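Visitor: So that we are looking at the same thing, I have put the structure below in C-alpha cells.
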Amino acid sequence: MRSNWKELLKQPFAQENLMMMGKLKPAEEFTPEEVEALEPFWKRVEATALPLHVPVKGPYERKWWKEAVAYQIYPMSFCDSNGDGIGDLNGIYSKLDYLKALGVDIVWLSPIYDSPNDDNGYDIRDYRKIHADYGTMEDFDRLLEGVHARGMKLIMDMVLNHTSDEHPWFQAALKDPTSKYKDYYIWRKGKADGTPPNNWQSFFSEPAWNYYPELDEWALHLFSRKQMDLNWENPELREEVYDMLNWWMDKGVDGFRLDVINLISKFEGLPDGEEGFITGIENYVYGPHLHEYLQELNRRVFSLHDSYTVGEGCGLGAATQVSMTLASRKELNTTFCFSHFDTPGHSKYSTYRYDLNYLKDYIMKTQGTQDADNWLTLVFENHDQPRFLSKITREPGEIEPAAKLVALLEMTLCGTTFIYEGQELGMRFVEFKHASEFRDVEAINMYKKLLSEGKTEEEAFRFVAPGTRDQTRAPMQWTSDANGGFTTGTPWLRLNDNFDTVNAADEEKDPDSILNFYRAAISQRKQNKTLVYGDFVPVCPEQKDFFGYTREDADGKYYVEINLSAHELERPVEMNGTLLLGSYGTAEKALRPFEANLYRLR
C-alpha cells in the first residue's frame, strides 16, 4: 500500500472527486483494502498535486475586471440585422446602447469565427476569420470600436482544446502523414481487434475516436465527430496558439473566455476509462500538465496585456478550480464553476423544483473561503444550460420575484458577475413540441442514443427537451412584434412562445419589471464597492429557507435578506437600516415568497 495516500487525500481534487464517488471520509476510516482499490485514483491525484493553498488575509487588489458586470452574447440568437434569421455583428452593434443602459462593463461574444457550425461555432475552421453569417472583419472592427467608445470591454470566446476537422491543420494532417500538422492532433493506432484505442466516450454520446482508413489511425475528439482534439504536448502547436491569441489582443480585444480549458492536458498513454456517465473523463478533466500550460499561456499572452481571462472549468469543483485562479500562480484570472446549477441527484435534463437552500450552502462555502489571492465568478445561466429561473419555479405568480431574487443575490456577492442574454428579462423554459425542433448537436445525439437503447420517440423527446442547449439559445425577445423583433426572416431556431409578454420593449416601460430591477441592482453594485470587496458574513445561517448576510468594509455595511421559499417567512432577525432595493418595492412584517431586500446599515 502506498505511503503518501493520506497527504494526497488533502488535495482539493481528491476531496471533491471522492465526494462525487460517495467515498469521502476521514483518513482513519479507510481500510487498507479501500486504499489499495483506489490506487489508480491516487496516481492521478499524485500527478496533479500542488502545495496546499494557505488563504491570504488582507484587502483585495482592486482590478477593473473584478468590479465588472459581464454580459454573454450568443451571436446567432441575439439580433439579426439583415433578415436571414441568424443574429450577426451588426445586430449586436445596434444593441450596444441597450447593454450600456443595463450597466454592462464587459461584452462576451460566443464564437464568431469561421466554422462549419457542427457545434454552432465551437468547431473553429479559421481562428482569424469571421463567419460569413455574422459579417466581416470590418464589421467586427466597427463593433469593437463601438464597445470601447461606450466605455465597455469586449472578450472573445476562444476554443483551444480542439478545432474543426475542416481546419487547415487537420486537413494537412490527412493529406500528408509526414506533415508537422499531424502531430498537432492526437492520433493512435487501434486495438488488435480493430476497435478504437481506448473506451472513451465523447461528451456528445458517442465514441471519442474517428477512424481514418487512409492513415489506418484513429483521432481523438472529446466532443462532436468534427471537433478534433489538439495535442498540447507539441510545443509548435502551442506557439501557433500564442501567436493567434496575441494577434487578437493586438487588434484590441480585452481578453478571453476559454472554452473547456481544463481538458487540454491528457494523462500519458490515454488509458481505458472507468465506466460512467462520460467514460474516460478522469483521464483528462484535470491532467498532469494543465498548470504548466496555463502558466505558459499567461506568460506568453495574458501578462503582456491588460487582459481578463475566465476559463470554463468543465467537470471540476470549486475548490479544485481555485488552483487555476490564484494570482500568485499566474494562470487565469477566474474560472466558471457550475456545481450549483443543479442540486445533487439531478442533471440539466431533470424536471424538478430547485431547492435554493442548496444554492445558499454553496454560496456560503465559496464566499466563506474566498481570500485575497483568489477571485470568483457569479454566474447562473449560460448557453449550455437550461434557464435557471425555470428550475426555481414555473408558477406565473412566482417568476418575477424569483428572477429578482437571483438579480439581487448576484449583484451583492463577491466575484465578477455574468449575465446571459435574456436573463435580465426573465426569459424562461421553451415548450418544444417535437425533436425535429432541436438544433443542438448534443441534444440530437442524446435523442438518437436513447432511441437506440429502446426508448420511444416520445420518451426520448420528453427526456431531452428540458435539457437541450436550445433552451437558452432560443432567440432574444426584443419586442412583441413578429419573431420577437429578433429577425424579419425565419429564425434559425424557434422562439419561446411568450415573446408577446416577455420582451425588452415592454419591460423598458414598466418601472417594476425584471429588466429595470436588474438595472437597479447593477447600479447599487457600481455605487457601493463594498458589495464587491467587502467582507461576507452570514446571518442566521442555520435558518432553513432564509439567506441573510452582510457585506462590510471601511466604506460601509450592507445587509441582504432573502426568502428562499415560495411561501411567506417570518424574519429570524430584524436589522435597522435603510432599504435600498427590494424585489417587492417595500418591506413588510414578514418576507413574501422569494422576497429579496438590500439595506444599508451604515
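The values are calculated or read from the model by the stated rules, or taken from the named source; none is laboratory data. The structure presented is a predicted model; accordingly, all values stated were derived computationally and were not measured. Here the Cβ is made from the backbone with ideal geometry for all residues, glycine too, and neighbour counts use every protein chain on show. Surface areas here come from the heavy atoms of the whole protein model, side chains and all, with no ligands, DNA or RNA. Shrake-Rupley method; radii C 1.70, N 1.55, O 1.52, S 1.80 Å.
Visitor: Out of all the residues in the stretch 70-81, is one or more over 20 Å from MET427 (Cβ atoms) and either touching a Ser or Thr at 6+ places or on another chain (Cβ under 9 Å) or outside any helix (DSSP H, G or I) (or both)? Explain how you work it out, then say what you get.
Guide: Just the residues of the stretch 70-81 that are over 20 Å from MET427 (Cβ atoms), to begin with: 81.
If we keep only those that are either touching a Ser or Thr at 6+ places or on another chain (Cβ under 9 Å) or outside any helix (DSSP H, G or I) (or both) as well, we get 81.
Yes.
Visitor: While we're looking at this one, here's another question. Those residues that are open to solvent by less than 20 Å² (accessible area, probe 1.4 Å), within 21 Å of THR335 (Cβ to Cβ) and β-branched (Val, Ile, Thr), I need them from the stretch 256-282; list them, please. Let's see the steps before the verdict.
Guide: Here is the first cut: in the stretch 256-282, the ones open to solvent by less than 20 Å² (accessible area, probe 1.4 Å) are 256-266, 270, 273, 279-280.
Narrowing further to those that are within 21 Å of THR335 (Cβ to Cβ): 256-266.
Hits for the stretch 256-282 are VAL260, ILE261, ILE264.
Visitor: Looking at the structure I just gave you, is VAL104 closer than 20 Å to VAL260 by Cβ and open to solvent by less than 10 Å² (accessible area, probe 1.4 Å)? Let's see the steps before the verdict.
Guide: Details: closer than 20 Å to VAL260 by Cβ: no; open to solvent by less than 10 Å² (accessible area, probe 1.4 Å): yes.
Judged against the criteria, VAL104 is not a match.
Visitor: So which residues in the stretch 55-99 are farther than 20 Å from SER110 by Cα, surrounded by 18 or more Cβ atoms within 10 Å (Cβ to Cβ) and under 23 Å from the mean Cα position of the chain (by Cα)?
Guide: Answer for the stretch 55-99, where residues must be farther than 20 Å from SER110 by Cα, surrounded by 18 or more Cβ atoms within 10 Å (Cβ to Cβ) and under 23 Å from the mean Cα position of the chain (by Cα): just LYS66.
Visitor: Kindly list the number of the only condition in (1) assigned to a loop (DSSP other than H, G, I, E, B); (2) at pLDDT below 95; (3) more than 30 Å from PHE536 (Cβ to Cβ) that fails for VAL54.
Guide: The one condition VAL54 does not meet is (3).
Visitor: For the stretch 406-443, what are the residues that are among the charged types (D, E, K, R), outside any helix (DSSP H, G or I) and surrounded by 20 or more Cβ atoms within 10 Å (Cβ to Cβ)? Break it down into steps so the answer makes sense when it comes.
Guide: Restricting attention to the stretch 406-443, the residues satisfying the condition of being among the charged types (D, E, K, R) are 410, 421, 424, 428, 431, 433, 437, 439-440, 442.
Retained after the next criterion (residues that are outside any helix (DSSP H, G or I)): 421, 428, 431, 433, 439-440.
Matches in the stretch 406-443: GLU421, ARG428, ASP440.
Visitor: Which helices (runs of 4 or more DSSP H) does the stretch 458-558 wholly contain that include 2 or more residues that are farther than 26 Å from TYR584 by Cα and at pLDDT 95 or above?
Guide: 470-473
Visitor: If you don't mind, there's one more thing I want to ask. Being among the acidic types (Asp, Glu), at pLDDT 95 or above, more than 20 Å from the chain's Cα centre (by Cα) and more than 21 Å from LEU9 (Cα to Cα) is the requirement here; does GLU292 meet it?
Guide: Considered against the rule, which asks whether it is among the acidic types (Asp, Glu), at pLDDT 95 or above, more than 20 Å from the chain's Cα centre (by Cα) and more than 21 Å from LEU9 (Cα to Cα), GLU292 comes out as yes.
Visitor: Follow-up. With ALA566, ALA521, ALA554, ALA587 as the choices, which residue is hydrophobic (A, V, I, L, M, F, W, C) and open to solvent by less than 30 Å² (accessible area, probe 1.4 Å)?
Guide: Working: ALA566 fails: open to solvent by less than 30 Å² (accessible area, probe 1.4 Å); ALA554 fails: open to solvent by less than 30 Å² (accessible area, probe 1.4 Å); ALA587 fails: open to solvent by less than 30 Å² (accessible area, probe 1.4 Å).
Going through ALA566, ALA521, ALA554, ALA587 in turn, the sole match is ALA521.
Visitor: Out of (1) touching a strand residue (DSSP E or B) at 6+ places or on another chain (Cβ under 9 Å); (2) surrounded by fewer than 22 Cβ atoms within 10 Å (Cβ to Cβ), what's the single condition that is false for ASP512?
Guide: (1)
Visitor: For LEU220, indicate whether it is hydrophobic (A, V, I, L, M, F, W, C) and out of contact with any helix residue (DSSP H, G or I) (no Cβ under 9 Å at 6 or more places or on another chain).
Guide: On the way: hydrophobic (A, V, I, L, M, F, W, C): yes; out of contact with any helix residue (DSSP H, G or I) (no Cβ under 9 Å at 6 or more places or on another chain): yes.
Considered against the rule, which asks whether it is hydrophobic (A, V, I, L, M, F, W, C) and out of contact with any helix residue (DSSP H, G or I) (no Cβ under 9 Å at 6 or more places or on another chain), LEU220 comes out as yes.
Visitor: Could you look through the stretch 122-136, keep only residues that are farther than 13 Å from GLY87 by Cα and not in a strand (DSSP E or B), and pick out the one that is farthest from the chain's Cα centre (by Cα)? Break it down into steps so the answer makes sense when it comes.
Guide: In the first step, residues of the stretch 122-136 are kept if they are farther than 13 Å from GLY87 by Cα; the result is 122-130, 136.
Still in the running and not in a strand (DSSP E or B): 122-125, 136.
Values: TYR122: 14, ASP123: 17, ILE124: 19, ARG125: 23, THR136: 27 Å.
By that ranking, first place goes to THR136.
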